[in-house]
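Below you'll find the structure, written out as structure tokens, and then a few comments.
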Amino acid sequence: MSQPQVQVQEVDLDEGIRLAIVGAGGYGRLALDVLIASGFESWVIGFYDDAHAILPDKVRGFPVLGDIGMLKSMLSVEAVHIVVAITDNVVRLRLANSIRALGAQFFTAGHPAAYVSADAVVGDGTVLAAGAVVHPDAAVGSHCYVGPGAVIDRDAVVGAGAWVSAGVVVGPGAQVGARAVLGQNASVGRKVILREDTRVAALTSVEEKGA
């Protein structure tokens with residue numbers, strides 16, 4: 001399995017920055033909630049979504065500013081940090097890569113009730129919901145979602161663009177491939193290796209290596 005694509009953000013939090021969320025649907029609202037809970041509400045300028053024409057003018061009081069093309073045009077003239085909050089893993093990574101190619105920077109949104117060990121690595125653009133836990137020497141790739149109560153145990157690796165639903169446990173030393181989807185309360189056993197794009201159903205336990 002390829003290593004997780006991890007770009008670690010370097011943001012000076014002493015200086016206010018501008019944050020935009022790509023995707024104004026359910027995941028976008030969740031990402032906004034995490035940013036608000038983390039004290040970054042004043043930095044959020046709004047949403048960009050290709051479906052903006054049929055969306056409300058505002059989502060939770062934040063404007064829907066236009067489509068992805070408009071965001072890309074803006075990136076050519078000013079710096080904005082971005083969270084790509086699209087549920088589909090493939091689409092989320094494709095959008096992130098196209099925006100990154102324009103020099104965009106991505107913001108890691110971690111809820112204050114999440115815990116990330118100082119000896120763990122979380123890639124940029126990833127969203128950590130309340131209660132998410134990332135243990136020592138674990139690595140979570142860029143543009144992942146780690147849901148409430150999910151645990152990435154020690155020495156585990158989660159590839160770029162993976163979706164780790166609420167209550168999931170990724171066991172010690174396990175490897176989860178890029179763009180994998182782990183359903184609610186699923187578990188991945190110790191040192192199990194899941195290939196890229198693997199889908200694990202809710203409440204399922206995977207104990208065989210190389211699944």
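Here are the numbers for the structure shown:
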quantity: Hey, Asp155 acidic (Asp, Glu), farther than 18 Å from Val200 by Cα and surrounded by fewer than 20 Cβ atoms within 10 Å (Cβ to Cβ) or not; calculated: yes
quantity: Criterion (modelled with pLDDT under 95 and touching a strand residue (DSSP E or B) at 6+ places or on another chain (Cβ under 6 Å)) met by exactly one of Ala104, Ala174; calculated: Ala104
quantity: Options Val188, Val83, Val133: the member that is surrounded by fewer than 24 Cβ atoms within 10 Å (Cβ to Cβ) and at negative phi; calculated: Val133
quantity: Matching option when the condition is touching a helix residue (DSSP H, G or I) at 6+ places or on another chain (Cβ under 7 Å), farther than 13 Å from Val34 by Cβ and small (Gly, Ala, Ser), among Ala85, Ala118, Ala104, Ala129; calculated: Ala104
quantity: Given (1) in contact with a strand residue (DSSP E or B) (Cβ under 7 Å, 6 or more places away or on another chain); (2) surrounded by fewer than 18 Cβ atoms within 10 Å (Cβ to Cβ); (3) over 16 Å from Asn89 (Cβ atoms), index of the condition Gly183 fails; calculated: (3)
quantity: When residues of the range 107-130 are limited to those that are β-branched (Val, Ile, Thr) and in a strand (DSSP E or B), the one surrounded by the fewest Cβ atoms within 10 Å (Cβ to Cβ); calculated: Val121
quantity: Test for Leu93: is it at pLDDT 95 or above, surrounded by 15 or more Cβ atoms within 10 Å (Cβ to Cβ) and either over 24 Å from Val133 (Cα atoms) or hydrophobic (A, V, I, L, M, F, W, C) (or both); calculated: yes
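The values are calculated or read from the model by the stated rules, or taken from the named source; none is laboratory data. Given the structure is predicted, the values throughout are model-derived calculations rather than measurements. Quick reminder, even Gly has a Cβ in these numbers, built from the backbone with ideal geometry, and neighbours come from all protein chains shown.
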